């Protein structure tokens, strides 16, 4: 049969073709573009209306909302509200320096202990004090990436200090049978993913009561023109609480019926290439790799 070329999905569906006599690995980065990671410490980040930010009550409330919205767009579960007993908190303050105001952001743990802080870009004092909505929105936009990075570094530091954290041990990963594949794909793809992923470091199992991560493979075969099929394979990484933390997506166009019975070497190629992307998600969530840019 024609060789199969497996590709990662990088934002758009690629036009694919095959050549040669043996399956070939898909090209490009396996999953980096598809990853959506949790970066802040659990469970969530509260942003109370700041009382020391040199803003009116209305402007202070709106700034907290703007900042929470922007952080949420970066996958940080931030909320403009008072902190509960289990919430992490972002405290916002500001200082006047001549004709400028410098915002400052401090992350506190649920016990109220500061874990990190950073200063924002200077803002004209009159525009800040006037609560100009456009200025506040711009400041929130500029501040969000630095706050996200600070949260990630805090989480990594906490994981490194905890001897039982994923940073200091191999992750236990459950890979259940794949779903939706024709032929023997459900069984063979899962078996190959377990083997290839285990070779990269995680402790991979077929059954586990409390895994750190679950990698669920899903296959969808869609008939298309000219007696061909589009095979879509997704490897979804979920954490111990069942939240989706990353996804590696592979696509290929093949002659109709090619995989109706046996996957064989195709499963080996698919798992080999996808396991790298899956492991990258696990490594990042374990604090062993820098956060995705």
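If you take the C-alpha gyration tensor of segment 45-161, multiply each eigenvalue by 5 and take the square root, what semi-axes do you get, largest first, in whole Å? Could you put the intermediate results ahead of the total?
Numbers: eigenvalues 112, 41, 34 Å².
Its equivalent ellipsoid spans semi-axes of 24, 14, 13 Å.
Could you state the number of Å between the C-alpha centres of segment 177-191 and segment 114-143?
Segment 114-143 and segment 177-191 have Cα centres spaced 52 Å from each other.
Between residue 261 and residue 86, what FRET efficiency follows from the Cβ-Cβ distance if R0 is 30 Å, with the result rounded to 0.05? Could you put the intermediate results ahead of the total?
Numbers: r = 52 Å, r/R0 = 1.74.
It comes out at approximately 0.05.
Report the full-extension gain for the segment residue 52 to residue 164: residue separation times 0.36 nm, less the Cα-Cα distance, to one decimal in nm.
Between residue 52 and residue 164, full extension yields 36.5 nm more.
Using the Cα gyration tensor of segment 136-175, with a ≥ b ≥ c the square roots of its eigenvalues, what is the shape: rounded (a/c below 1.5), prolate (a/b larger than b/c) or oblate (neither)?
It comes out oblate by the Cα gyration axes.
Could you give log10 I(q)/I(0) at q = 0.15, 0.24 Å⁻¹ for segment 180-279, computed by the Debye formula over C-alpha point scatterers of equal weight, without solvent?
-0.60, -1.31
How do 159-170, 128-139 rank on mean C-beta neighbours within 10 Å, highest first?
Numbers: 159-170: 13.7, 128-139: 16.8.
Result, highest mean Cβ count within 10 Å first: 128-139, 159-170.
For residue 243 and residue 106 in one chain, what is 0.36 nm times their gap in residues minus the Cα-Cα distance, to one decimal in nm?
46.6 nm
For a quick check: sort 142, 232 by the number of other beta carbons within 10 angstrom, fewest at the front.
Least to most surrounded, the residues fall as 142, 232.
Work out how much length residue 121 to residue 97 would gain on full extension: take 0.36 nm times their residue separation and subtract the Cα-Cα distance, in nm to one decimal.
Contour length minus Cα-Cα distance gives 7.5 nm.
Bear in mind these aren't lab numbers, they're just calculated from the coordinates by the rules spelled out. Values in this document were obtained by computation on a predicted structure and should not be read as measured data. In this analysis, Cβ positions are derived from the backbone assuming ideal geometry, glycine residues included, and neighbour counts consider all displayed protein chains.
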